[in-house]
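What follows is a set of notes on a single structure, which appears directly below.
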Amino acid sequence: MFFDKLRAAVSDDAIIITDDGLHTYLAAELMPINSPRSFISPSSSNAMGYCMPAVNAAKLVNPDKQVIGIVGDGAMLMSGMEALTAVRENLGTIYCIFNDGKLSRINHSQRVSDSQTTCTQLGNINWGAFADSIECGYIPVRHNNDIEVALRHALETASHNQPVILDITIDYSRRSNYAQGVEKTQAARFSSGNKLGMLGRAIVRKLTG
């Protein structure tokens, strides 16, 4: 629903930039792109933290175009202060945080690679307070019914050269087809022995908690 509303709200030549994460898979699958060179993603290099500075750069080079970033809350923690650059330079950028309080890409990757990550929970981060502290616009999106009005407000704010953060509550429990395809491709790279070992460890963790 978010990508349908976003496509309807922005111009055909708007530039969409993602970070690396599950939101990238959703954007690749669900966001129609109607103009060449209008979708930028770092996922071939898995470069978390890419989106925020890339949005600023794209807006500096294309001041007359709408530039919208889609970033996870984990990547926002890495490079979110780049929004301060947008405030100081009056860039009129929009940063859409897909906020679920954890590093969901790592959680999903554990199913495939059995990697041991010490902590993937980010907790409840007050992005509104962060936006206020750097004089950036802030709009929370808590329900599907909020999306259309929030996007309209954000675009109007950005048109006056004021950057704005959309804090979007996202539920990743339903995986995209793209994400499932990536997981299958990753799993196919492992040998039979590795797969059996991963399955055994998963069963032990399930039984022992």
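The values are calculated or read from the model by the stated rules, or taken from the named source; none is laboratory data. From a predicted model like this one, the values you see are computed outputs, not experimental measurements. Here Cβ is always computed from backbone atoms with ideal geometry, including for glycine, and neighbour counts include all displayed protein chains.
With the structure loaded, tell me whether residue 11 is touching a strand residue (DSSP E or B) at 6+ places or on another chain (Cβ under 6 Å) and surrounded by fewer than 24 Cβ atoms within 10 Å (Cβ to Cβ) or whether it fails that test. Answer is no for this residue. Out of contact with any helix residue (DSSP H, G or I) (no Cβ under 7 Å at 6 or more places or on another chain) and outside any loop (DSSP other than H, G, I, E, B): which single residue out of 83, 47, 57 fits that description? Answer to the check: 57.
Has the stretch 132-141 got at least one residue that is modelled with pLDDT under 90 and either exposed (fewer than 10 other Cβ atoms within 10 Å of the Cβ) or outside any loop (DSSP other than H, G, I, E, B) (or both)? Within the stretch 132-141 (the criterion being modelled with pLDDT under 90 and either exposed (fewer than 10 other Cβ atoms within 10 Å of the Cβ) or outside any loop (DSSP other than H, G, I, E, B) (or both)), the answer is no, since none of the residues qualifies.
Close contacts from the stretch 70-97, counting a first residue that is without any contact (Cβ under 8 Å) to a residue 40 or more places away in the chain and a second that is assigned to a loop (DSSP other than H, G, I, E, B), with Cβ to Cβ under 7 Å and a gap of 6+ residues or different chains, come to 78/48; 78/49; 79/49. Restricting the first member to the stretch 111-136 and to residues that are over 17 Å from residue 85 (Cα atoms) and among the acidic types (Asp, Glu), and the second to residues that are surrounded by 10 or more Cβ atoms within 10 Å (Cβ to Cβ) and at pLDDT below 95, the beta-carbon pairs closer than 7 Å and six or more apart or on different chains are 114/198; 114/201; 114/202. Of everything listed in (1) modelled with pLDDT of 95 or more; (2) surrounded by fewer than 16 Cβ atoms within 10 Å (Cβ to Cβ), the single unmet condition for residue 46 is (1).
Restricting attention to the stretch 158-198 and to residues that are of a type in the set (A, V, I, L, M) and under 24 Å from residue 141 (Cβ atoms), the residue that is modelled with the lowest pLDDT turns out to be 179. Considering each residue of the stretch 10-24 in turn, none proves to be in contact (Cβ under 8 Å) with a residue 40 or more places away in the chain, in a helix (DSSP H, G or I), among the acidic types (Asp, Glu) and farther than 13 Å from residue 68 by Cβ.
When the test is whether a residue is among the β-branched types (Val, Ile, Thr) and modelled with pLDDT under 70, residue 208 does not pass it. Scanning the stretch 111-121 for residues that are at pLDDT below 90, over 20 Å from the mean Cα position of the chain (by Cα) and of a type in the set (D, E, K, R) turns up at least one hit.
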